[in-house]
Amino acid sequence: MGCLSFIGRIVLVVLNIGFVLGSLAVVVVGALLKYLPDKLTQIIFGVTSIIVKDEDRTAFHIPDLKDVTNLPFVGDAGVALMVFGGVLFCISFMACCGASGKWKLLLLGFIISMSILVICQGVVGGMFLAKDSVLHDNIRSRVGDKVKSDFNKSASDPFSFSINLMNYLLDCCGIRGQEDFNGTLPPTCCRKDIIEGTNNTAKQACTAEPPYATKDMYNDEGCYDMLQKKVQDNLVVAAVILAHLLLLQVIEIGFAGMLVKSDNSIGPV
């Protein structure tokens, strides 16, 4: 039992050092999303993603990536990542101290906290990876309704800015599709090949006030569905990563439980 306890302590310390480093990386990414979204957006999409002429960018109300400062979706995602990274850091640090210092109370706290985290990750991860789930329906409905009520195609507020940017970069229209806009579609809903193309007649049709573009000139797929497609295209990879992450955490819980039960290897509380 003493040998198993020793191995358990080593495994717990090594795995949780990895989780500590990973949690810090998650916090950094979250901070970038929250406080420096322009830099991260440029890294993801590249400055060359917006290759339209300045006059076309103005006419179609396409935001410049360099002007990205406070996008609502990105900022919220950043806060969520920072919170998750902070929680994971505390739990992993607790395990490292409990295993190396033979502190039963810390190990018990780790077992309880990690068990709750595993359940939450499994539920949220499963709902996110499932194409049709309450989570997706709720997000799609809430944000789509906000587009209907708050979006202004020519405004520079963070919400309208983000919708226009998303329409162009993902070549989509709104969150749920054309239904998110009350009658008149914004110019950014026009297909990217028209925006970046040389057909001035089609460009004028999309940017006129009011627009007189035909239906086939616009994207009819919502941006949320487009994002879901990208996730579904990598569903197997995402599912395998999530499964391995949960498995490692379950193994940690098992080793911590073994150490708690071993009177010889764990000192008094």
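The values are calculated or read from the model by the stated rules, or taken from the named source; none is laboratory data. Just so we're clear, the structure is a prediction, and the values are computed from it rather than from any experiment. Cβ: placed from backbone, ideal geometry, glycine included. Neighbour counts: every protein chain shown. Ligands, DNA and RNA are stripped out before the accessible areas are found, and what is left, the full protein with its side chains, is counted by its heavy atoms. Shrake-Rupley method; radii C 1.70, N 1.55, O 1.52, S 1.80 Å.
With respect to the chain, whose longest principal axis is taken over its alpha-carbon atoms, helix 72-101 is tilted by about 10°. Rolling a 1.4 Å probe over the protein heavy atoms leaves PHE128 with an accessible area of roughly 100 Å².
When the C-alpha to C-alpha distance is required to be over 32 Å, the pairs from LYS53/LYS148; LYS104/LYS131; LYS34/LYS102; LYS131/LYS261 that qualify are LYS104/LYS131; LYS34/LYS102; LYS131/LYS261.
Once both labels are positioned 7 Å from their Cα atoms along Cα-to-Cβ, the gap between LYS148 and GLU221 label points is 2.4 nm.
Solvent exposure of the chain, expressed per residue, is 53 Å² of accessible area, with all protein chains present and a 1.4 angstrom probe.
The accessible area of LYS102, taken with all protein chains in place and a 1.4 Å probe, comes to roughly 80 Å².
In whole Å, what is the distance between the alpha-carbon centres of segment 168-192 and segment 84-123? Computed from Cα coordinates, the inter-centre distance equals 44 Å.
In debye, nearest 20: dipole of the chain around its Cα centre with unit charges on the Cβ of K, R (+) and D, E (-)?
The dipole magnitude comes to about 980 debye.
Using a probe of 1.4 Å, the accessible surface attributed to LEU247 totals some 100 Å² when neighbouring protein chains are kept in position. Note on VAL240 and GLN204: with the Förster distance fixed at 51 Å, the Cβ-Cβ geometry gives a FRET efficiency of about 0.55. Taking the charge dipole of the chain about its Cα centre, with +1 at Lys and Arg Cβ atoms and -1 at Asp and Glu Cβ atoms, the residue from ASN167, GLY30, GLY222 reaching farthest to the positive side is GLY30. Unpaired Cys in the chain, meaning no second Cys C-beta under 4.7 Å: CYS3, CYS90, CYS96, CYS97, CYS120.
Only four residue types carry charge here, +1 at the Cβ of Lys and Arg and -1 at the Cβ of Asp and Glu. Report the dipole size of segment 58-181 about the Cα centre in Debye, rounded to the nearest 20.
Using Cβ point charges on Lys, Arg, Asp and Glu, segment 58-181 gives about 560 debye.
In this rough spin-label picture, where each label sits 7 Å from Cα along the Cβ direction, the VAL14-ASN182 distance is 6.2 nm. If you roll a 1.4 Å probe over the chain with all protein chains in place, what percent of the accessible area is carbon or sulfur? Of all accessible area on the chain, carbon and sulfur atoms account for 66 percent. Computing FRET efficiency as 1/(1 + (r/R0)^6) for ASP193 and SER133, where r is the C-beta to C-beta distance and R0 is 30 Å, gives about 0.35. Computed from Cα positions, the angle between helix 104-129 and the longest principal axis of the chain comes to roughly 30 degrees.
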